[in-house]
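This report refers to the structure that appears directly beneath it.
The values are calculated or read from the model by the stated rules, or taken from the named source; none is laboratory data. The model shown is predicted, which means the values in this text are computed figures rather than measured ones. Cβ atoms come from the backbone with ideal geometry, glycine included; neighbour counts cover every protein chain shown. Side chains are part of the model used for accessible areas, which takes the heavy atoms of the whole protein and leaves out ligands, DNA and RNA. Shrake-Rupley method; radii C 1.70, N 1.55, O 1.52, S 1.80 Å.
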Amino acid sequence: MKVLLLNGSPNAQGCTYTALQEIAKELQKAGIESEIFQIGKKPISGCIACRGCKAETAAGCVLPDGIVTEFQQKLADADGLIVGSPVYFASANGSVISLLDRAFYSNRTGVVNKPASAVVSARRGGTTATIDELNKYFLLAGMPVVSSSYWNMVHGNTPEEVLQDAEGLQTMRNLARNMAWMLKSIEAGKAAGVEAPVRELDHRTNFIR
C-alpha cells in the first residue's frame, strides 16, 4: 500500500515538507510506502473551463503543462492521498489550488473511496480556513477524509521552528497512524468480500428553470 504526499509549497524542503516527512516516517513504521510529490516553482495554469477533458478521447486535463498529468498518474497508483500546503492569506498556495482544480475536475471519479487528508503549515493563523478549503476536494470526490488528534497543522517560519512544534508533529504522526489503519481496514474489508458503495450520479440539478 502507498500514500502520495503532495507538497504544495514552492520550497522543496521547507515547513510543509517537514510536516510531510514526519508523516512519511510514521507511515513507514506501519508498513505503508509513501512518496512526496513536489509541486515546484514553475507556474501552473488554472482551469480555463475549456471542457476539453470531457471529450471522449481525452485522458485527463488537456492543457500542455504536464504536472497535472504526472500527479494524476501517481495518484492512480496510490491508495491514499495527503495534500500539504503553506498558508497564504488564509488560503492554500495558488499553484496547488490550480493543480487540484484541474486534476479533480478532469478525473474526479478515479479517486473515489481513496482516503485523503490535508496538512497545512503557517507562521500563526489562517490554518483552519486552508484545511477546510483543501478538504472540500476530497469531500466532493467521495474520498474518506482521515482525521487526527487535532487540526492537521504545524507552525513555524522555518523547518527548525516546525521541529519545535511538539503538538503539531504529534498531530502529523497520529494522522499517519489513522491513514495506515484506514488503508489496512479497507484492504481487510475487500478480502472479506465487503464491496465499496455504489455512487448515484444521475441527477445534476440546475436551479435556473
For the stretch 1-44, the count of residues that are small (Gly, Ala, Ser), open to solvent by 50 Å² or more (accessible area, probe 1.4 Å) and either at pLDDT 95 or above or touching an Asp or Glu at 6+ places or on another chain (Cβ under 7 Å) (or both) equals 1
Restricting the search to the stretch 108-153, which residues are closer than 21 Å to Gly60 by Cβ and of a type outside the set (A, V, I, L, M, F, W, C)? Arg108, Thr109, Gly110, Asn113, Lys114, Lys136, Tyr137, Gly142
Scan the stretch 156-163 and give yes if some residue there is open to solvent by 90 Å² or more (accessible area, probe 1.4 Å) and assigned to a loop (DSSP other than H, G, I, E, B), otherwise no. yes
Pair list, Cβ under 7 Å, 6 or more apart: the stretch 186-200 residue within 15 Å of Pro144 (Cβ to Cβ), other residue among the β-branched types (Val, Ile, Thr) and surrounded by 10 or more Cβ atoms within 10 Å (Cβ to Cβ): Arg199/Val112
Looking at Met172, Met179, which one is surrounded by 11 or more Cβ atoms within 10 Å (Cβ to Cβ) and in contact with a strand residue (DSSP E or B) (Cβ under 6 Å, 6 or more places away or on another chain)? Met179
Hey, does the stretch 182-205 have a residue that's in a helix (DSSP H, G or I), under 18 Å from Val83 (Cβ atoms) and open to solvent by less than 80 Å² (accessible area, probe 1.4 Å)? yes
